[in-house]
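The values are calculated or read from the model by the stated rules, or taken from the named source; none is laboratory data. Bear in mind that the values here come from a model prediction, so they are computed numbers and not experimental data. Accessible surface is based on the protein model in full, side chains and every heavy atom, while ligands, DNA and RNA are left aside. Shrake-Rupley method; radii C 1.70, N 1.55, O 1.52, S 1.80 Å.
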Amino acid sequence: VQLQASGGGSVQPGGSLRLACTASGPIFSSAVMGWYRQAPGKKRDMVAQILRVGAAIYADSVKGRFTISRDNAKNAVYLQMDSLKPEDTAVYYCNLLQRGSDFWGQGTLVTVSS
């Protein structure tokens, strides 16, 4: 399984960005797709995850501001990020978890700064 992420960039506080990630390879119906992020000097943390049926969970820090969605036909997952804050600055990684195996995308940098 390979993951290709895109959509990072620089934005001012209060702005929006949309991340996209497409998976290729054998994707099973049980696969969980999601986004993690890692700020400088910090560990990688879960941002949001979504099941194939659409149920999603979010980190408390992004609830109400970020929305994860999934297109099963395209094996794609998206992260709509609104009301961005400087503390959202990090490298964002796409993740796919299936049958006990973790797969990661290459990471895309999101910078929120005035």
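General observations
- Proximal lysines to Lys43, defined as alpha-carbon separation beneath 24 angstrom and excluding residues fewer than eight positions away on the same chain: Lys63, Lys85
- Using the 1.4 Å probe convention, the accessible area of the range 1-64 works out to 56 Å² per residue with neighbouring protein chains retained.
- For the chain, carbon and sulfur atoms together expose 49% of the accessible surface, with a 1.4 angstrom probe and every protein chain in place.
- Whole-number accessible area per residue in Å² for the range 67-114, which is evaluated in the context of all protein chains at 1.4 Å: 47
- Once divided by 2.2 N^0.38 Å, the Cα radius of gyration of the chain becomes 1.00.
- Using θ = phi - 60° and Karplus 6.51 cos²θ - 1.76 cosθ + 1.60, couplings along the range 38-51 (whole Hz; Gly, Pro as x): 9, 8, x, x, 10, 7, 6, 10, 5, 9, 7, 9, 9, 7
- Span from the the range 5-39 Cα centroid across to the the range 44-64 one, whole angstrom: 11
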